Every structure is written in C-alpha cells, then in structure tokens.
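Data first, discussion second: the structure below is written as structure tokens.
Just so it is clear, none of the values below were taken in a lab; they were calculated from the coordinates. Every value quoted in this text rests on a predicted model; they were computed, and no experiment measured them. Glycine also receives a Cβ, built like all others from the backbone with ideal geometry; neighbour counts cover every protein chain displayed.
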Amino acid sequence: DVKVTQSSRYLVKRTGEKVFLECVQDMDHENMFWYRQDPGLGLRLIYFSYDVKMKEKGDIPEGYSVSREKKERFSLILESASTNQTSMYLCASRLEGAGRETQYFGPGTRLLVL
Amino acid sequence: ELKVEQNPLFLSMQEGKNYTIYCNYSTTSDRLYWYRQDPGKSLESLFVLLSNGAVKQEGRLMASLDTKARLSTLHITAAVHDLSATYFCAVGRMNRDDKIIFGKGTRLHILP
C-alpha cells in the first residue's frame, strides 16, 4: 500500500519565520508535488519534481522553494513566512509509466501564520 | 497554458437522483484524474482516464473522457448521502516533467 506522509498535520508559525514542510513517500515514486488548497481556489501547484535534485515551478512558486536530495523526500520551504501563506499544504507522489499513473496524496499540513 | 474548469462548483441534490459534473480543459492532455475529498481529509483517487472514449465505473460513479472535446464527465447514479464530498478533476500529460493541474472542485451535498 502506497504511503505518503507529511511531517506535521498542524503548524503555527510567526511572520518572518523560516518554515520547512517535509513529505516522504515509501514507494520509490519518481514524481512528487506540492500544492496548496484554499477555499474557492481548489488546489494550486506550487512546485513539482520529476527526479532527485530536479525541480520545476508550478503556478504559484513565489515565496516558496523546494529541495529534493533523496528520491523519497520532497521538502517545501517558506523562506520568510507571511500571513497570506496560511493554507492547507498537500504533498503528492506518482509513478511514471503505463498503468502506474495514479497520484497519491499525503494527509496535508494545515499551516497558520500569525 | 493548461486550464481546468469544473461545473457546477456547488451542487445540492436529493437522494435517488442522477446528476453529472463536467470538467473542461484547455490544451491537449494524456490523462484525466478524478478525486474525492471529504471535509478535513486529503484527496482520494477515484479514476484515471487515459484515452479518448475511456469509461470507468465504480459503484454509483461513472467517469468518461472525450479528448476531442477536451471534456470529462463524472456521472452520479441514484445518489446516496455517503457520496456527499468535494470532487476534483485534474489534467496532466505523459511527459515526466509535466505538471498536473486541478479544477476548483465541485462541492456535492446530497440531501436525505
């Protein structure tokens, strides 16, 4: 059974703090994704990675960076948290290749920036 | 730029009725996903559609894909209260370095 885990379910940080959100998958997936989910806006892609040390910007990368040093781990970094980054953050992973297209999501991290 | 539009965004319906959620997308795509999300929970994969004319069914839900029209539908047959949730469609391409883009979701509320 595929498992995608995120380091925290709930997080409270102050404006200006550096925030790390960790995501780990245990099924050797090539692709990993970070989304944020806000009411009325659905899921918006922040960054994704299709291989170790590779990263691609999604639709809303401003204010975020990512790190993928190992295949199983994809980190989202808020260099200087701001109140407009209060959101639910969802990590996902996916295999590549025919018959293995399903994208699996982690439980989410609800971040509050004060 | 790849855009995904779902409609309706909100749907309230009676148990036992049929209804369809529509998902339109703007550029050529190889794969179309449908997800379900319960309040406070993460997303659960329902269907992945890969080719024109693909149809998949699970219980009271059936998804179809028309790649020429760039349209997917999620049809609900004889709705029951347990199907109340938010349903998302998402679109991607086969290239490994391509992203998956989501629609805004359809919040479905089924009244007993």
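What the table shows:
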read-out: Residue order, fewest to most surrounding Cβ atoms within 10 angstrom, among A:35, A:50; value: A:50, A:35
read-out: Computed log₁₀ I(q)/I(0) - Debye formula, equal Cα scatterers, no solvent, segment A:4-113, q 0.12, 0.17, 0.23 Å⁻¹; value: -0.37, -0.74, -1.33
read-out: Translational diffusion coefficient (Stokes-Einstein; Kirkwood radius from C-alpha pairs) of segment A:32-89 at 4 °C, 1.567 mPa s, in µm²/s; value: 110 µm²/s
read-out: Least to most buried among B:21, B:110 (fewest other Cβ within 10 Å first); value: B:110, B:21
read-out: Diffusion coefficient, µm² s⁻¹, Stokes-Einstein with Kirkwood Rh over alpha-carbon pairs of the protein assembly as shown at 4 °C and 1.567 mPa s; value: 72 µm²/s
read-out: Cα-derived Rg over Rh, computed across segment B:1-98 with Rh taken as Kirkwood radius; value: 0.96
read-out: Highest-fluctuation residue, A:15, A:102, A:83 considered, GNM on chain A with Cα pairs under 10 Å; value: A:102
read-out: Pairwise label distance in nanometres, residue A:38 with residue A:69, each label 7 Å out on the Cα-Cβ vector; value: 3.1 nm
read-out: Longest to shortest principal axis, alpha-carbon extents of segment A:4-61, angstrom; value: 33, 23, 20
